[in-house]
Amino acid sequence: MKKTAVLVLAGIFVILSSHISREIMFAGAERKSFSKPDEVREFPKGRLELLSINGATIGKAIFQPGWKWSESVQPLVKTKTCEAPHFQYHLSGTLMVKMDDGTLLECKPGDVSLLPSGHDAWVVGNEPVVVIDFHGMIDYGKSK
């Protein structure tokens with residue numbers, strides 16, 4: 001049976017139904033801040049800050065204007081397209097996503113996106129893109 005956890009993010013209730021174990025859901029209270037991330041990964045025109053909290057990993061990605069996954073991250077991970085699935089809340093900037101099947105998604109501040117494996121993405125315009133990713137960043141941007 002799947003467990004459901006409710007997170008509050010910027011006044012929006014997000015229902016997460018995933019592999020969250022009973023231990024994670026009912027562990028003691030904990031607080032962390034992206035001002036002191038547990039890990040930072042940098043790649044051309046981008047940065048990923050990671051927090052591990054009660055066994056879950058949350059990522060904050062910052063993509064600068066001109067960032068494109070296939071140019072900045074693909075050379076590190078050596079896959080055809082991004083294989084990380086994402087469940088993201090978009091804080092700023094515009095991110096264009098092209099799925100392997102050709103579907104295009106334009107993600108803007110306030111949007112929540114669910115992206116399965118198999119996509120490319122890039123920043124549109126001159127504003128950095130900032131997203132909070134609840135799933136998919138644990139191995140993102142690691143060299144193979």
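For the stretch 101-135, the set of residues classified as of a type in the set (Gly, Ala, Ser) and within 19 Å of PRO44 (Cβ to Cβ) consists of ALA121, GLY125, listed by residue number. Among the small types (Gly, Ala, Ser) and either surrounded by fewer than 15 Cβ atoms within 10 Å (Cβ to Cβ) or touching a helix residue (DSSP H, G or I) at 6+ places or on another chain (Cβ under 8 Å) (or both): is that true of GLY46 in this structure? Here the answer is yes, as GLY46 does meet what is asked. Of everything in the stretch 113-143 that is among the β-branched types (Val, Ile, Thr) and more than 15 Å from GLY59 (Cβ to Cβ), the residue that is surrounded by the most Cβ atoms within 10 Å (Cβ to Cβ) is VAL123. Just name the residue that is surrounded by the most Cβ atoms within 10 Å (Cβ to Cβ) out of those in the stretch 54-112 that are in a strand (DSSP E or B), among the polar types (S, T, N, Q) and in contact (Cβ under 8 Å) with a residue 40 or more places away in the chain. Restricting to residues being in a strand (DSSP E or B), among the polar types (S, T, N, Q) and in contact (Cβ under 8 Å) with a residue 40 or more places away in the chain, the top hit is GLN88. Scanning the stretch 46-102 for residues that are among the β-branched types (Val, Ile, Thr) and either within 12 Å of ASP120 (Cβ to Cβ) or in contact with a strand residue (DSSP E or B) (Cβ under 7 Å, 6 or more places away or on another chain) (or both) gives THR57, ILE58, ILE62, VAL73, THR79, THR81, THR94, VAL97.
Every read-out reported here was derived from the displayed coordinates using simple, explicitly stated rules and does not represent laboratory data. A quick note: this is a predicted structure, and the numbers were derived from the prediction, not measured. Here the Cβ is made from the backbone with ideal geometry for all residues, glycine too, and neighbour counts use every protein chain on show.
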